[in-house]
Structures are given as C-alpha cells and as structure tokens.
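> Okay, handing you the structure first.
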4 protein chains.
Amino acid sequence: MSDTPTTTPHTPADPTAASTPATPVAAPVAGADDLLRAVQAGVETIDLGRQLRVGMPQSPNHPQFWHTLPRRHGDMVRSDGSSAANDMITTGTHVGTHIDALAHVSFDGKLHGGADAAAACIGGKYEEHGVHTIAPMLRRGVLLDVAGHLGLTHCEGGYEITVADLEATAERAGVTVGAGDVVLIRSGWGARFAEGAAYVGGASGVPGVGEAGAVWLAERGVHAAGADTIAFERLAPGGGHALLPAHRVLLVEAGIYIVEALDLEGLAAAGWAEFTFVLVPMNIFGATGSPVRPLALRSTQPQSQDQAPTQSGAAS
Amino acid sequence: MSDTPTTTPHTPADPTAASTPATPVAAPVAGADDLLRAVQAGVETIDLGRQLRVGMPQSPNHPQFWHTLPRRHGDMVRSDGSSAANDMITTGTHVGTHIDALAHVSFDGKLHGGADAAAACIGGKYEEHGVHTIAPMLRRGVLLDVAGHLGLTHCEGGYEITVADLEATAERAGVTVGAGDVVLIRSGWGARFAEGAAYVGGASGVPGVGEAGAVWLAERGVHAAGADTIAFERLAPGGGHALLPAHRVLLVEAGIYIVEALDLEGLAAAGWAEFTFVLVPMNIFGATGSPVRPLALRSTQPQSQDQAPTQSGAAS
Amino acid sequence: MSDTPTTTPHTPADPTAASTPATPVAAPVAGADDLLRAVQAGVETIDLGRQLRVGMPQSPNHPQFWHTLPRRHGDMVRSDGSSAANDMITTGTHVGTHIDALAHVSFDGKLHGGADAAAACIGGKYEEHGVHTIAPMLRRGVLLDVAGHLGLTHCEGGYEITVADLEATAERAGVTVGAGDVVLIRSGWGARFAEGAAYVGGASGVPGVGEAGAVWLAERGVHAAGADTIAFERLAPGGGHALLPAHRVLLVEAGIYIVEALDLEGLAAAGWAEFTFVLVPMNIFGATGSPVRPLALRSTQPQSQDQAPTQSGAAS
Amino acid sequence: MSDTPTTTPHTPADPTAASTPATPVAAPVAGADDLLRAVQAGVETIDLGRQLRVGMPQSPNHPQFWHTLPRRHGDMVRSDGSSAANDMITTGTHVGTHIDALAHVSFDGKLHGGADAAAACIGGKYEEHGVHTIAPMLRRGVLLDVAGHLGLTHCEGGYEITVADLEATAERAGVTVGAGDVVLIRSGWGARFAEGAAYVGGASGVPGVGEAGAVWLAERGVHAAGADTIAFERLAPGGGHALLPAHRVLLVEAGIYIVEALDLEGLAAAGWAEFTFVLVPMNIFGATGSPVRPLALRSTQPQSQDQAPTQSGAAS
C-alpha cells in the first residue's frame, strides 16, 4: 500500500527582522534513515519522460514547444574571461510528457467537486484545482503492459483497451492495482514517437482505455493514471471533435490525475510491473497542467524474503 | 555514500513493424523491493522549489516568467457538455528554482572538459553539456544551515560564507560532506523571497560562498551544490558586472552542477541535516539549465540501530 | 477633412480550380495618380514609434518584450554556402508604441456600443472590437505640443493637461481639431524614455489629459488620440490602482482609439502642427491592441497658394 | 521616380533639465501640404497583409505564431467598474506577411556589403543590417500579375517565373520597373492561403522567380521585391534542403529587401499595376525581419492630364 507523502509548508521569516538573531531551531536531524539507506544500497532508474525538442510531436491545440538561446557564449564576456549562455522557452503545458490537473477539464460547467469552472478562474488562474495543488508523488507504481500482454509492438490506432485487457494484463504480471497507486497503461503507441505526426494520431486514431477502463481505475481508487499516448484515452480514427469520456470520469468525477505521452518502452523492456513511481509537477500557480519527467525506481539489491516469488533479475 | 543511479535507455521499436507480434519480454518483475518498502513505510517530503508565479523575483538578465491561459472553460464546449482550459508558458530557464548545466558558463572560451564553447553550440543547442545530459538525481543530500549556525535569520547581503563557516556548520550538525553528495547551503536570504526586488539583491548584494567555499566543495567531490539565492555565490553590494568565481570553479573546472533560488526555510525549520535529495531536471535538449523542483525526503518511521545517535524527532 | 480610407476585401479564388484559366481581370490601372505624384515630388517622414529593444521601459502589467535569435548564421549551412538567421519575439501588445483597440477596456461589463465584455470574448478572441477591426489610418494629424506651449521640456508627473491647455496650444499653433482627425498630445514626458523606469512613472505619476480633456476630444469627433506616455492620460503620483477615466470616455463611450508611448520629440522639434498621419495596426485577430509604428508625413515641396500663411521651412 | 523618404532623428532632451524651460522651437508648421491635400481628396487603400491568426500557414522553421489573452474583462475590476483585457504574442518574425532584412541571409559567411556574418551578431543582435535599419517605405509600387498575364488562377507549384514572364506582364500592364520602386510579383499562389499546409507548399513546391528573375530585378535597381508565397522564390516540389538563389542575389549581393506571403488577390482584382506602396517595418533592434502589413494606395479622384492614357476606373 502506498502512503501519501506529506509536505511540510514553511513559514516565511519576518522580513523586517532581517538581521536579528533567529530563534533556535531543533537540533539537526542527521543520520541515514531507511529511505536513504535503500537509496545508497543501489537503485536503478528508468526515465519515463520524453525529451523536449523543437519539432517533437505534440497536439496542435496547444502552443508549440520552442527553445532558443537568447545568449550564447561570447555574446558578453566578463573581465575575467568568463561568459555565459542562457535559454528562452515558450510552450504549452500539455506538451511532451505532462500531467493534467483537475482544472484542465470541466463537464457541464463544473470542475471536480462541483466547483463552477468559470468562477474558478480567478484573475486568470485556477486557484483551487491548478497544477500547483498536486503534491509531488512518491508512490507505488504499476505498469499494465497491455501491448506486451497481447503480444503486439503496439495496439492499433482506435483500439479500446478493455477492462478484460487490463485485468488479464495485471494477472499475468502478478500485480494488483490498489488505492493510492499510480497505474501506467502501455498501449505500445509510444514506440511511434519518432514518427512525429503519426504519433499524434489524428487520422489513425490512437489506442487507449475508454469510459469502462476509466471507471475500472476509479473503482480501484488510483491516485493517477498514465499512458504512452498524447490523448491517454482511445481516440477513433479521424477523431476530429472527439469526446473524451475517460477524462471526464477521471478528472472531473473521480479527481484522478492523468499523465500523458509517457515513454514506457524502457519500463516494458525491463519487465517492471511494480516499482516506486516519482513524479514532481512544475509548481505553476493556477495552471491546468505541466510538463513532467516521471521516474520508475527499483532497488538493485537482491530482494528480501517477504516479496512475491516470481520475479526476474532484469532490474538487478 | 551515494551511488549514481543508472538510467536504462530504451531502444525504440522498429516503426515499420507496427503490428507484428513483439518479441517476448522478460517475465514481469513485481513484488516490493527495498526502496518501495521504505516508501510505503512512510516518507516525509519537504519541497525545496519556489512556486512559479508571474511577477516573482528573478534575474532581469533572463526572459521573464509568464503564464497565461489561451483557453478557458467555455471557450469551446464539446457536444457532451465538456470543456477544457490550457496554458502557455514563456520563461527563461534560469528563473525560479533552477539548475545550471555545464553549458551555462565558459571561461576563456572553454566549457568543462576543455570543450570550445562556440563550437559546442551546434545548430543553436549545446549537445554535449546541455541540461539534457544531467541524470535525474536520487542522492544523499546535506544541508549546511550557515544562517542557523550563526544564529541569524539571514546573512547580510555581500557576506562571504567562508570555509570556516561551512566546516563549523557541518560539525555542529553532525554531518560530513562526501563524494557524490548534494550540498545545500542556507544563507537565510531565501526568507526575503516575498520582498521581490530586494531578494534579487542588486543594490544590497547577496550572501554566499566565494571562490574558497567553491574549492572546498570541489575538493569533497560533491555532485551538485545549491543555495537559497538566485546567484548561489556571494555578490558584493551594487554588484554590477560581477565576476562569478564559484561558478567557474564548480561548473567549468570541477563539472559540479549548481542549483539556485532554492527554498530552504522548511528544511531548516525541520532541522534536517541529512536526507534523500531528489532532483529531476527538465529534459530540454541543448539547454543551459532548467527550472527544477527538488525534494528532500526522510522516512517517518523510527530509525534502525546503526545510525548516528543524535537525531531529533522533527521528521517523524 | 479626412476621408476614411476604404479597403477592398478580396474574394479568395476557388482552390479546387487551381489551374483552370482565371476569368479576365479588369484592364490594368497604371499611371501616376495624385497621391503618387505628391509622394514622388518629395515627402519628409518623421517616425513616431519607439524602437523595440529588450529592457525598454514598459508597463509591468503586460508580458515583457523579448527578442532572441533561434538561429544564427552558421547554425545551418546549405550546400551552396548560404546560411540564415531568424528571430523569436514574445511580447505583450500594449508594449512600446502601441494602439488600444475598443476591446481593451470595459465599463460595468460593457464594451463600446454596449456589447457584453464577457460574451464578446468568443473562444478567447474579441471578434467584434479587436485590433483587427481598426482600419489602417491615413488621415490628417494634429500635434498639440502642450509642453512647448507651456515652455517646458516636459510637464510634471501627475500634471493634468486641461482643456484650456489644449485650446491655447491649438490656437498658438494655428490649427483646429476636426472630426476624423488624429490628435497627438505632447506632454514632453517622452523625453524621459531613456531613463527607463522613471518613464513608466509609477512613483512620480505621469502628465496627461484627464476626463475633461478626453471629453473635449470626443466632442470634436476625433478618430484617434495619442500621447507620449505609456498611460496616455494623467496618473497621479504613486498611482497604484488608478482609475482611467479618459480611457473610459474615449474607448468605451466614444469609440475613439488611443495610441500610447509615442515618440513626439522629433515632431515637436520640426514644429509640425499639421501633417499626414499614417498608422497601420498589426492585424492580429481578436487582440486588444497591437504595437504600432506611426509616421508623420509632409511634402518637402513648397506649399501651394491656398494654405495658411504662417509656416516655417522646418520641413522642407 | 521615387524619392527616398527622409526620417528626421530626434535628439533626446537632457533628462537632468526636466522642468527647466525649453528652448523655443520653430514656429509651428501648419496648413495642408500637397500630400495631405491628396489624402483628403480621397484615397482607396488595399491591404496587402495577411491576418495573424493562430493556426495560419507558416514555415515550420520559424516559431509558431500564437496569441493569447493573459487578462480578460472581469479578471480584475477597478473601483469604478472598469476592467481591461490584454494580450501576449509569441511568434517568429518570418511569419505571416513579413519582410526579410539584409541580416537574414548570408553567403559564404558574409552579409551584404561583405560584413562577416558571425561578427555582425553583436551580443545576439544584428546591429548593422537588422530590420531596424530598414526605413519606412513610401514609394512607387508596381504589380506584375504574372498569373493574370498567363490567364491562370495560380501558377503551378515549382513553376519558375521567367524574365520573359516578367517583361511580358509589365508590358501588358503598361508599366515599367524603375530604380527605387517596390515590385510585387503575383504568382496567384496566395489564393491557396486558406488551404493551410498546401499553401506552405512543401510537397508541391511553390511558383516564383529563380535566379534569373532576381537578377532582372537587381538590374533595375528596385528597392524591394515581394511575392504572394512564403518562399518568395521558386521552390521545386519536395524541395527539402532547397537552395535559395534569389535570396542570395537580392539580399546578399544587391541589398534589396524581400517581402513574403503578401496578399495580392485584392490588388489584382482591382487591376492596379501602379500605386503608392507603404510598408512600415517593426523597429525591432537587431532582428532579421519583421511582420509587416503593407498597403497599396491610389487616389479616388479622377486623374489629371499628364498620366498614361490607358487606365480603368476600378480604383475610382
């Protein structure tokens, strides 16, 4: 089971007391704790995020990702011979591997919890359900490699991943999906990322769960769900003005975050069905989502006695 | 000691073999490993990143952070009554809490390792030392709360944190800085973040290490160093065209990453001197840095026997 | 008197008939017309727009102007040895010398003509009163050099230019303001542009007309009014949450466009009180304004008989 | 013939003499000059620029045009019931109807006049040949409606407009191209603008002059040349890494500006072969080009005696 990590907010110091002696803080906490010891014993990391590059495939509904260098080395040289380069980024937030916050989708004018979507936009920011309200995730992650289960490089465009597919995949992998977990569903479509426009899948549609699969996830109380397509859910070929029932079920009804355009190829190749999932959203006040770079982690040390007997050494 | 996490690259599937059956993958790896067990036993998280808000203090040398909503709920309503909102971001990368990649600073026209800085910019991207080359960090982190050690809310603008300060702080906290660690130095200046322009510190200067402190860090073989100011190192009052010797020592000479504008107030209040440090850079190809949102983590469970005897219960 | 220029819309050709012979067009119209002859006889141009540079003074309420080069010569070289450089711009529209469209300001939730301001924003664009609805201007322009009339380099921050000021200035210059004209009011504050933040005038306030001056302009039926400050109208020192009555009178009530941050120094130095005014807005669909670069033009040839007797040779 | 308009630079007033009396300026110049009289007698305007809309066709090599509203009416309401909306734009400069400055293209590492292209980029700006150096244009314009001459809605993709085409078109229209003129060449491809990607013409190629046509223009000493395609010159079908000889001849060798993606449909429908051409570049310091919105103007009054006998009344 996965505990929700807690985040300790800090109280800003009184700026008018700039140089007065501070009240003594608690004696320093040092020494390695269980987590640090596990880390130091050796951890393998699989990067689940796509690289952000100009020209990468993305939805045309969102501002295009651009990166440029306002300053290059030599533009300005200091008296000691040093110089610097820096960057400018313009981008939509639902671009590359990204997370949808609850402010992203509304149904009948309401956000999750019944908040009025128009009123929720205070001064141009979604104060209540923006991405800044998503706590960093450090949780149990589960991969449901549906394509692997079906013996395909990838499911077909437009294919709806059914509840039967999800359950069979989970059973074969020897995992169960529990409350608070993050579930990643691999359709294999991510293998097409390098094809660019074909990955976006307008004409071909994309595979993914439909309403039923979303309900199945919600019934299990997952914390977030992710997929290796931009759309997360199934889009029919030539989708056009597609309805997105899974977004409605997860974001609006269940309050479950959605992560899109994940790179699950390495995770599937390693065969990890269960792992520690780390996702830290960009803390953009009032935004409807943000680019993310989630990680899957597993200890490299041999496991101890009390784990499931069936596992391969792929992660060691 | 901290091991460098390894990242398993994935091999993209052959796009021309889209629907052919895939080669069988390794049997799924399931079961909880040591890391996951430690996570599930309970972890406390302290967020070390600043929220990204329009108008937050930042260096004027970098494009200003802006967030806006191209689409709000109601702009477009689908046939099922659903609607969506999305975002556009424009920003420099050295804005808010951020990491400097080795491509950021050059000295006498050379980057770390002797690479020619001009030639390194291939087609407008720093292919070799860009932020995309910084592996996600999951390492031992050490806080040197210099302000706390000196009994101040914050060090004065322009104050140089000396080697003696660093060593005394470490000793009092009962920690040593080792190879591969990430060291966070708290001057307390971060408590002034809410003051805006004053935090940027042009007129007042900002506290921080100088060349000597940077050399001390480099001698210890740290992986990265961070501070709670935009500049990381000391800037004299009215700094103007400041030289940045610590940047030269760390980035150019030692190949050590720098993290700036951290929020260390919560970490200091909790008294954590040692923790698991997590930092996942944005994987922006060829960029000189990226916004980051690092975390400090400690198990909430009571520690086991073999750790240092002095610790407080602040994290439990 | 000034006629409203008419713009001939074009009817897009039928794309399906791409290569079919076109219907014959009217016989070509050639030969020099009166306008062209006047142009070819010699025209002096005074540029009324500010250069767009990173770091130029602008209102902090609008996205900061940034220009950068994604591509520089040498980044990519073609097989014939040629190369190219290009640009990226990010900017607010009310930045630098710019025009306010009628969509910019609302009063009690209504735009000019009573349109509901919220409903007018269709899919995130102001379809009805956006800057794309402002026809290019080629009109009689009048300069009211109030600072010159008062014998000052510039009026004081917070000074309200009165109706008496406007009328005395016009009389002294030997001009009258008529329906359809564009009136430019010089407070002299534009001479402070190079001072940066001081030009923005937050603490000092800025000079300009108040409600009375705006009413005076509206009564005369001007087409547009401009000034050499960012605010156009008077701002009291330490303005803070200033009300902007002139914006209400002109944009919302009278439907008169406002041009801000003009450079009127050259125009005043040349002593032109009357001239041809050219302003071509950027045709940005649905925007609330756009950067502009207006021009003042006068023939360099000696004037013919029927003009006012008092003129100097400054423009010849 | 067309005179080069002169622009009177202004001398910034001494900021330290803010409120001291100014030196008396020349007596005001009032009265209508020949140009203003021609304007007031009636002018018809044809807009030659494309509207800037999100999603409009543009070259993928340049940052995509985006417009959004950071603030909408109601986001912030002042105490008097007024509110405002504003915009953010991000865009490349070679997007929509735009002008290429001489800094845009280099050949063998050199810009026009032999300037070293790398050295010309000072601190990330092209100080010498940037778009800020292009004076506003008020000149004789000539339309060479090649498609009209050939009796086609548009020339085929990949068709090279020959010198013979240019000369025959000019002769039929009864115009000659002279030194200092601006020549607009209509291939008719602009009629495909609404088709989006097809207008960009990657696969189909686009029609336009080749090297020979560019040389012909240079020999006549034109000031600028424009076309109704993004590329201005001919691109072969499936162009890929096309060489652009006309850009080299015009920009690098002859110092002649290029205007691209013009809308010439209205101009051709009106049959204007000769007109006053107005183009005011955005004064972006150091940029390689800028969006523009050129105009074609002709007096609506009957022409006077000394013009060419053949003209139709389309413009009256």
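The values are calculated or read from the model by the stated rules, or taken from the named source; none is laboratory data. The shown structure was predicted, so the numbers you read here are calculated from the model rather than taken from an experiment. FYI the Cβ positions are ideal-geometry reconstructions off the backbone, even for glycines, and counts take in every protein chain you see. Each accessible area value is taken on the protein alone, full model and side chains, heavy atoms only, with ligands, DNA and RNA left out. Shrake-Rupley method; radii C 1.70, N 1.55, O 1.52, S 1.80 Å.
The rows are residues; the columns are (1) facing chain A (nearest Cβ under 7 Å); (2) free of Cβ contacts under 8 Å to residues at least 60 places away in the same chain.
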position	(1), (2)
B:48	no, no
B:51	yes, yes
B:57	no, no
B:65	no, yes
B:83	yes, yes
B:91	yes, no
B:101	no, no
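> Got a number for residues in the range D:140-154 being part of a helix (DSSP H, G or I) and among the small types (Gly, Ala, Ser)?
2
> Still on this model: How many residues are assigned to a helix (DSSP H, G or I) and among the hydrophobic types (A, V, I, L, M, F, W, C) if we restrict to the range C:155-186?
Qualifying residue count, the range C:155-186: 6.
> State the number of residues belonging to the range D:144-176 that are crowded, with 22+ Cβ neighbours inside 10 Å and in contact with a His (Cβ under 6 Å, 6 or more places away or on another chain).
Within the range D:144-176, residues that are crowded, with 22+ Cβ neighbours inside 10 Å and in contact with a His (Cβ under 6 Å, 6 or more places away or on another chain) number 2.
> OK, next. Give me a count of the residues in the range B:247-273 that are over 16 Å from the mean Cα position of the chain (by Cα) and within 7 Å of chain A (Cβ to nearest Cβ).
7
> Scan the range A:285-299 and report the pairs whose first residue is in contact (Cβ under 8 Å) with a residue 24 or more places away in the chain and open to solvent by 10 Å² or more (accessible area, probe 1.4 Å) and whose second residue is basic (Lys, Arg) and in a loop (DSSP other than H, G, I, E, B), with Cβ atoms within less than 6 Å and a gap of 6+ or a chain change.
Partner pairs satisfying both residue conditions: A:285/B:53.
> What are the residues in the range A:154-184 that are more than 22 Å from the chain's Cα centre (by Cα), farther than 18 Å from residue A:208 by Cα and not small (Gly, Ala, Ser), if any?
Across the range A:154-184, the qualifying residues are A:171, A:172.
> Looking at residue C:141, is it touching a residue at least 12 places away in the same chain (Cβ under 8 Å), at the interface with another protein chain (Cβ under 8 Å from one of its Cβ atoms), open to solvent by less than 20 Å² (accessible area, probe 1.4 Å) and not basic (Lys, Arg)?
no
> Please go through (1) within 9 Å of chain C (Cβ to nearest Cβ); (2) in contact with a Ser or Thr (Cβ under 8 Å, 6 or more places away or on another chain) for residue D:78 and return the number of the only condition it doesn't satisfy.
Residue D:78 satisfies every listed condition except (2).
> May I ask you to list the residues in the range C:279-297 that are in a loop (DSSP other than H, G, I, E, B) and over 9 Å from the mean Cα position of the chain (by Cα)?
C:282, C:283, C:285, C:286, C:287, C:288 - these are the residues of the range C:279-297 that are in a loop (DSSP other than H, G, I, E, B) and over 9 Å from the mean Cα position of the chain (by Cα).
> Could I ask something else about it? Out of all the residues in the range C:232-242, is one or more on the phi < 0 side of the Ramachandran plot, assigned to a strand (DSSP E or B) and among the charged types (D, E, K, R)?
yes
Results for (1) crowded, with 21+ Cβ neighbours inside 10 Å; (2) within 23 Å of residue D:66 (Cβ to Cβ), shown as yes or no for each residue.
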position	(1), (2)
A:43	yes, no
A:53	no, yes
A:56	no, yes
A:61	no, yes
A:76	no, no
A:80	no, no
A:85	yes, no
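> Restricting to the range C:177-228, count the residues that are open to solvent by 20 Å² or more (accessible area, probe 1.4 Å), out of contact with any Pro (no Cβ under 8 Å at 6 or more places or on another chain) and away from chain D (no Cβ under 11 Å).
10
> Could you figure out which of (1) at the interface with another protein chain (Cβ under 8 Å from one of its Cβ atoms); (2) at pLDDT below 95 isn't true of residue D:108?
(2)
> Determine, yes or no, whether residue C:278 is in contact (Cβ under 8 Å) with a residue 40 or more places away in the chain and either buried (at least 24 other Cβ atoms within 10 Å of the Cβ) or closer than 27 Å to residue D:32 by Cα (or both).
In short, yes.
> Taking the range C:229-242, which residues are surrounded by fewer than 22 Cβ atoms within 10 Å (Cβ to Cβ) and either touching a residue at least 60 places away in the same chain (Cβ under 8 Å) or of a type in the set (Lys, Arg) (or both)?
Matches in the range C:229-242: C:236, C:237.
> Among the residues of the range B:187-205, are any in a strand (DSSP E or B), in contact (Cβ under 8 Å) with a residue 12 or more places away in the chain and either among the polar types (S, T, N, Q) or in contact with a Leu (Cβ under 9 Å, 6 or more places away or on another chain) (or both)?
Checked against the condition, which is being in a strand (DSSP E or B), in contact (Cβ under 8 Å) with a residue 12 or more places away in the chain and either among the polar types (S, T, N, Q) or in contact with a Leu (Cβ under 9 Å, 6 or more places away or on another chain) (or both), the range B:187-205 yields no hits at all.
> When residues of the range D:111-125 are filtered for being at the interface with chain C (Cβ under 7 Å from one of its Cβ atoms) and either over 24 Å from residue C:93 (Cβ atoms) or free of Cβ contacts under 8 Å to residues at least 60 places away in the same chain (or both), how many remain?
3
> So, in the range B:219-231, how many residues would count as being outside any loop (DSSP other than H, G, I, E, B) and under 15 Å from the mean Cα position of the chain (by Cα)?
4
> Can you pull out the residues in the range D:243-269 that are assigned to a loop (DSSP other than H, G, I, E, B) and surrounded by fewer than 21 Cβ atoms within 10 Å (Cβ to Cβ)?
D:243, D:255
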